[in-house]
Amino acid sequence: MKKLENPHTRPVWSLEEISQAIVIYSTGPRAYRLLFKEGYPFPGVFTLRSWIKKIKIMPG
């Protein structure tokens, strides 16, 4: 919603928004990019990838 209210400013995404976007992206990256290009207020793919890199996954 923040991005829709003022499309010229850079939004600060909350942890909840990022985690929801990662779930959508992980189910279908092509669909995510299509929705993003259509103007849905999602964080960019670069933002998602940088957040995903920070996640520490332990074996087991």
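Readers should treat all values here as calculations from the given coordinates under stated rules, not as data from a laboratory. Quantities reported herein were computed from a predicted structural model and do not represent experimental measurements.
With an 8 Å cut-off on Cα pairs and a minimum separation of 6 or more residues, tell me the relative contact order of the chain in percent.
This gives 32 percent for the chain.
Sum -39500 (n - 2.57) across every DSSP H segment of at least 4 residues in the chain, then divide by the residue count to get the 222 nm mean residue ellipticity, nearest 500.
It lands at -17000 deg cm²/dmol.
From the gyration tensor of the Cα coordinates in the chain, what semi-axes in whole Å does the equivalent ellipsoid have, largest first, with each one equal to sqrt(5λ)?
For the chain, the semi-axes come out at 23, 14, 9 Å.
Does anyone have the angle between helix 45-54 and the longest principal axis of the chain? Alpha-carbon axes, 0 to 90°, nearest 10?
30 degrees
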